[in-house]
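Nothing in this text is a laboratory measurement; each read-out follows from the coordinates by a stated rule. Since we're looking at a predicted model, the values are computed, not measured. Quick reminder, even Gly has a Cβ in these numbers, built from the backbone with ideal geometry, and neighbours come from all protein chains shown.
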Amino acid sequence: MADRPPAGAPAGAAHHRLRATVHRHLTRHPRAAALVDRLTPRSVRARTTLAACASVAVVLSLASTAVILLLRVNLERTVEAGAREQAQAVAHLATDGHLTSPLPLDHGTDFIQVVDANGTVVAASQNLTGHPPLAPADHPDGHRTFNLDTPGHAHHKRVTSIAATTPTGPVTVYVGASLRTADAAEDLTTAALAVLSAVLLFTVGALTWRATGRALRPVEAIRAEVAAIGDRDLNRRVPEPRSDDEIARLADTMNAMLQRLEAAGARQRRFIADASHELRSPLTVLRTQLEVALAHSDPDVHTDLVAGALEDTERLQALATDLLLLARLDTTDHGWPDEPVDLADLVHTTVAARGAEPHPVAVHAPMAITVPGNPLWLRRLLTNLLDNAQRHARSYITVRLTTDRASGDAVLEVTNDGPPIEPADREKIFERFARLDDARSRDDGGTGLGLPIARDIAAIHKGTLTVLDSPGATTFRTRLPIPPAPPRDVPTGCR
């Protein structure tokens with residue numbers, strides 16, 4: 001009683017209780033659990049074939065049952081109609097007083113018996129001559145039919161009873177018709193449907209097994225190829241089937257992923273190589289300076305060498321800081337920073353905090369523009385753009401903050417009057433350690449990471465950083481989305 005769901009309980013709760021009961025039973029019987037686990041199909045091919053066969057079996061069972069029931073009903077109606085006609089003919093004879101004994105049997109009729117109100121047999125067919133009145137299991141009511149086993153016969157009968165009035169009183173006419181033909185037809189149909197269903201189930205299972213195997217063959221090829229691909233074989237690709245279906249799209253997606261992984265691995269190796277090269281140059285210079293300082297005892301030489309070593313140390317520190325920030329930007333799962341940042345205030349404070357610069361910086365940020373973001377990262381973005389502009393400017397730098405009404409973005413532009421960047425190089429400068437002029441960049445102290453860091457910070461804030469065509473100048477434009485203002489609540493009663 002504890003496992004029985006209450007009345008009105010949902011079907012899902014009953015199913016859950018059934019699964020819990022089965023699980024408890026299997027837990028108590030490890031052998032049964034092992035047998036169930038062994039018999040449970042594990043492959044998609046086997047499960048699909050089993051599901052297809054089970055579905056077809058259910059449909060065939062329902063259809064076969066419906067066909068047999070319809071056939072049985074139609075055959076019984078036919079037999080009953082013949083028996084009723086015979087009974088009506090005998091009733092007319094009884095009404096006219098022309099009953100004779102024995103009564104003749106029509107084709108399809110097994111026996112006839114006429115019984116009066118006292119239970120005396122008035123007339124009967126030859127096979128029931130001398131037999132007592134039939135005792136049906138139920139009392140007849142008009143043309144009601146019922147089943148009856150006649151003496152000496154074990155097969156099924158359909159008996160029809162009709163009341164009639166004779167000159168000597170009322171009588172009841174019983175006419176029995178054999179259902180042997182209906183039973184034989186039902187048995188034959190059942191056997192034929194069973195054989196046909198077995199053949200159909202075998203055909204469906206075989207076709208499903210074969211079709212599923214052919215459909216999953218490319219998947220197995222993809223799995224085997226992916227399993228064989230190692231971290232050093234990212235140039236390999238999975239085979240793509242010629243069909244235009246889900247498996248072909250899966251193979252195309254896998255190849256696209258492998259291509260991205262290969263590109264990411266190549267970028268990582270190139271980044272490591274570039275970082276090693278960038279670190280090796282100042283370390284080599286620093287070591288040379290220290291070795292020279294140890295070899296000379298002149299204080300003036302020591303001072304110059306220590307000053308140079310300090311510059312190289314600062315360069316190494318800046319490079320290490322940029323590398324750590326890039327690693328953080330690459331590995332951290334960033335959500336969109338949502339701290340409100342006033343870009344106008346950020347621009348003014350950043351420029352003012354830089355102090356004396358080789359070139360003056362003109363700021364045009366007339367209005368406050370607030371965007372969600374990380375103020376430290378956005379300050380780093382602007383700082384990197386200003387550092388790049390100071391290295392390449394000839395006489396001036398301009399920082400302009402506006403809004404784009406069409407897109408609803410905040411637009412931050414840093415312009416310098418340095419040499420223009422060729423269109424072919426406008427994406428290259430955002431690659432890590434990329435330099436258009438190696439000698440000049442090293443002399444100016446650039447690490448080749450400032451612009452890539454700035455673009456990554458803009459991307460984390462769902463923005464963009466691009467280079468624009470400007471006559472006689474170079475402009476770096478940053479776009480940052482401004483979230484829409486929340487709707488104002490209108491007080492009740494205001495129009």
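Quick notes
- Label-point separation, T303 to V219 (7 Å along Cα→Cβ), nm: 7.9 nm
- FRET efficiency, 1/(1 + (r/R0)^6) with R0 45 Å, evaluated for E262 and A51 via beta carbons: 0.70
- Here each label is just a point 7 Å from Cα along the line to Cβ, and for D342 and A459 those points are 3.2 nm apart.
- Compared with the alpha-carbon gap, the fully stretched path from L250 to A356 is longer by 32.4 nm at 0.36 nm per residue.
- Entry note, region 149-263: relative contact order of 14 percent, from Cα contacts under 8 Å with a spacing of 6+ residues.
- With R₀ fixed at 41 Å, the C-beta to C-beta distance from A192 to S43 puts the FRET efficiency at about 0.75.
- Here r is the Cβ-Cβ distance between A81 and V199 and R0 is 41 Å; the resulting FRET efficiency, rounded to 0.05, is 0.70.
- Overall shape of region 333-481 was characterised from the C-alpha gyration tensor. The equivalent ellipsoid obtained from it has semi-axes of 24, 17, 15 Å, in decreasing order.
- Between region 161-229 and region 349-412, the alpha-carbon centres lie 81 Å apart.
- Ranked for footprinting exposure by Cβ neighbours inside 10 Å, fewest first, K428, K157, K462 give K428, K462, K157.
- The HN-Hα couplings worked out from phi for region 213-224 by the Karplus form 6.51 cos²θ - 1.76 cosθ + 1.60 (θ = phi - 60°) are x, 5, 5, 8, 4, x, 5, 5, 5, 5, 4, 5 Hz, whole numbers, x standing for Gly and Pro.
- For the pair L290 and T100, label points projected 7 Å from Cα toward Cβ lie 14.0 nm apart.
- As a proxy for reagent exposure, ranking V79, V219 by other Cβ atoms within 10 Å from fewest up yields V219, V79.
- With Cα atoms as the point set, region 246-327 shows a radius of gyration and Dmax of 22.0, 77 Å.
- 13 Å reach of a label modelled at I272, 7 Å along Cα-to-Cβ, counting backbone N of region 221-247: 231-232
- In order through region 453-463: 3J(HN,Hα) via Karplus (6.51 cos²θ - 1.76 cosθ + 1.60), integer Hz, x for Gly, Pro: 5, 4, 5, 4, 5, 4, 5, 4, 8, 6, x
- Distant-in-sequence amide contacts of V122, defined by a placed amide H-H separation under 5 Å and a gap of 5 or more residues or a different chain, comprise V114, V115, D116.
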